[in-house]
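Bear in mind that the values in this text are calculations on the coordinates, not laboratory data. A quick note: this is a predicted structure, and the numbers were derived from the prediction, not measured. Methodologically, a virtual Cβ is constructed for each residue, glycine included, from the backbone with ideal geometry; neighbour enumeration extends over all protein chains shown.
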There are 2 protein chains.
Amino acid sequence: MDQQVCIVGGTGALGFGLALRLGRAGVPIVIGSRDEGRAQEAATRAGQAVPGGSFTGAQNAAAVGGAEIVILAVPFRNQSENLANLRTALTDGQLLVDATVPLAAAVSGKATRTLGVWQGSAAQQAREMAPSGVRVVSALHTVSAALLTDLDHALDEDVLICGDSREDKAQLAELIGRIDGLRPVDCGPLEMARILEQLTPLIISINVRHKVRAGIRITGL
Amino acid sequence: MDQQVCIVGGTGALGFGLALRLGRAGVPIVIGSRDEGRAQEAATRAGQAVPGGSFTGAQNAAAVGGAEIVILAVPFRNQSENLANLRTALTDGQLLVDATVPLAAAVSGKATRTLGVWQGSAAQQAREMAPSGVRVVSALHTVSAALLTDLDHALDEDVLICGDSREDKAQLAELIGRIDGLRPVDCGPLEMARILEQLTPLIISINVRHKVRAGIRITGL
């Protein structure tokens with residue numbers, strides 16, 4: 001059977017867009033939210049947008065239960081709280097994909113600037129806070145939520161991944177590769193999240209300046 | 001007459017590759033070095049590689065004299081010393097293009113890590129140290145020196161630029177656009193150099209992992 005993917009923060013723009021694209025690729029999706037009703041409402045909307053897809057909704061701690069892969073797609077402001085709440089819900093062997101970006105917008109600053117995170121990056125904070133048996137990788141900082149959600153848009157860009165285990169990155173790469181037009185690229189160990197998380201404000205700055213929805217492509221690969 | 005470009009550190013890998021590509025595009029190049037003999041030797045080599053090009057070599061402070069655009073392509077270890085030495089040589093109105101990257105390799109650390117720079121980035125340090133009449137932009141952190149130098153290689157990537165003046169960035173964009181296969185992209189104000197300078201260690205990490213010479217392309221533009 002196909003591995004189930006849970007998206008914590010799946011009612012948000014990035015999470016919902018990922019749910020649609022992965023669901024369309026045949027991946028069973030559980031949308032997690034702090035609020036069970038909102039999660040179920042998002043799952044219903046996703047099912048309408050992707051008629052053949054499998055979408056269910058649940059409160060975050062319940063949602064992660066049966067998932068092989070858990071994508072954390074919440075604002076940085078809520079990342080620490082979410083990880084604390086999920087501490088007893090996450091189970092050994094699960095792959096946690098942190099997509100959090102410490103934008104200064106979290107503290108009423110600019111979305112083209114970031115905050116310094118004591119551990120080095122949001123992903124390294126996730127590594128510190130997740131149970132030790134949970135595997136942590138970092139990715140999905142540069143794909144536009146709006147373009148993911150617009151299923152008529154043909155994606156054509158890269159998803160940069162970092163993590164300390166090749167197997168963990170390969171597992172995520174396999175999942176990402178199922179979405180048409182997205183190419184996974186292994187960028188190195190988890191500490192590279194310090195750099196990957198900076199790509200979001202770069203993309204936002206380019207978007208504002210050129211009135212586009214930019215993404216990243218690595219040339220020469 | 002064509003504007004003259006001086007490359008401080010033009011005997012280094014990045015500087016020399018830029019000299020070749022710009023020289024082939026018809027731009028008169030002055031190669032600067034701490035050592036006049038090495039600068040002249042590099043100019044001779046450049047002339048052999050690009051027979052139609054205009055290349056001269058001079059000691060750095062003399063080299064910047066007649067140039068409209070000065071590209072600072074030196075290791076971070078030497079950036080501050082170079083800027084101090086050029087303080088009286090740079091003249092009002094010149095455009096200084098800082099290509100410096102504060103790799104941790106400068107202090108015997110890894111080339112996949114960076115140092116924190118007090119001003120925020122090497123480019124902001126250049127802004128602080130250059131005479132106030134000199135305009136400062138930041139660029140050229142992701143183009144492979146080896147691919148620039150290999151004139152048979154067809155480039156196909158972006159050059160990300162940041163700076164506080166649209167006119168300054170447009171002047172550099174015009175210069176970059178003369179090199180076949182390079183597309184200039186305005187990424188915002190000079191403070192974005194904090195992010196652009198992080199792209200070098202990212203590219204290095206990708207290069208090591210995938211045995212390639214990677215570059216960056218912004219999608220959606």
Using +1 at the C-beta of Lys and Arg and -1 at the C-beta of Asp and Glu, which of A:Gln3, A:Gly215, A:Ile69 has the Cα lying farthest in the positive direction of the dipole of the protein assembly as shown? A:Ile69
Treating only the Cβ atoms of Lys and Arg (+1) and Asp and Glu (-1) as charged, compute the dipole magnitude of chain B about its Cα centre; round to the nearest 20 debye. 660 debye
Approximate shape of region B:105-189 as ellipsoid semi-axes (Cα gyration tensor, √5λ), whole Å, largest first: 24, 21, 10
What whole number of Å gives the distance from the Cα centroid of region A:69-85 to the Cα centroid of region B:5-29? 48 Å
For region B:1-157, what number results from the quotient of the Cα radius of gyration and 2.2 N^0.38 Å? 0.99
Could you tell me the ratio Rg/Rh of the protein assembly as shown? Both radii from Cα atoms, Rh via Kirkwood. 1.03
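What is region A:1-85 by shape, rounded, prolate or oblate, if you read a ≥ b ≥ c off the alpha carbon gyration tensor as root eigenvalues and call it rounded for a/c under 1.5, prolate for a/b larger than b/c, and oblate otherwise?
Working: a/c = 1.75, a/b = 1.48, b/c = 1.19.
Here region A:1-85 falls in the prolate category.
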Of A:Lys211/B:Lys211; B:Lys110/B:Lys211; A:Lys169/B:Lys169; A:Lys211/B:Lys110, which sit over 29 Å apart, Cα to Cα? A:Lys211/B:Lys211; A:Lys169/B:Lys169; A:Lys211/B:Lys110
Near the axis that takes chain A to chain B, which A residue has its beta carbon closest, and at how many Å? A:Arg217, 2
Loop trypsin sites (Lys or Arg not before Pro), region A:5-88 (other Cβ atoms within 10 Å of the site Cβ: 15 or fewer; DSSP): A:Arg87
Looking at the square roots a ≥ b ≥ c of the eigenvalues of the Cα gyration tensor of region A:42-112, which shape do they give, rounded for a/c under 1.5, prolate if a/b is larger than b/c, or oblate? oblate
Region B:197-221 and region A:147-221 have their Cα centres apart by a whole-number Å value of 12 Å
If I build a Gaussian network model for chain B, linking alpha-carbon pairs within less than 10 angstrom, which residue out of B:Pro184, B:Pro51, B:Pro201 has the largest mean-square fluctuation? B:Pro51
Mind checking which of B:Thr100, B:Thr44, B:Thr11 has the largest fluctuation in a GNM of chain B, springs on alpha carbons under 10 Å? B:Thr44
From the label point of A:Thr44, set 7 Å from Cα along Cα→Cβ, how far away are the matching label points in the other copies, in nm, ordered shortest to longest? 8.1
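Which of rounded, prolate or oblate describes region B:140-221 when judged by the alpha-carbon gyration tensor and an a/c cut-off of 1.5? Don't skip to the end; give the middle numbers.
Working: a/c = 2.22, a/b = 1.32, b/c = 1.68.
Taking the square roots of the gyration eigenvalues as a ≥ b ≥ c, region B:140-221 is oblate.
Tell me which trypsin sites (Lys or Arg not before Pro) from region A:126-221 have a DSSP coil assignment and no more than 16 other beta carbons within 10 Å of their own.
Values: sites: A:Arg127, A:Arg135, A:Arg166, A:Lys169, A:Arg178, A:Arg194, A:Arg209, A:Lys211, A:Arg213, A:Arg217; in loops: A:Arg178, A:Lys211, A:Arg213.
When the trypsin sites (Lys or Arg not before Pro) of region A:126-221 are filtered for loop state and at most 16 Cβ neighbours within 10 Å, A:Arg178, A:Lys211 remain.
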Could you check which residue among B:Ile29, B:Ile71, B:Ile203 shows the biggest mean-square fluctuation in a GNM of chain B with a 10 Å Cα cutoff? B:Ile203
Which of B:Ser54, B:Val117, B:Leu18 sits farthest toward the positive end of the charge dipole of chain B, with +1 on the Cβ of Lys and Arg and -1 on the Cβ of Asp and Glu? B:Val117
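Hey, what's the per residue convex hull volume over the C-alpha atoms of region B:73-221, in cubic angstrom?
Numbers: hull volume 17.7 nm³, N = 149.
Convex hull of Cα atoms, per residue: 119 Å³.
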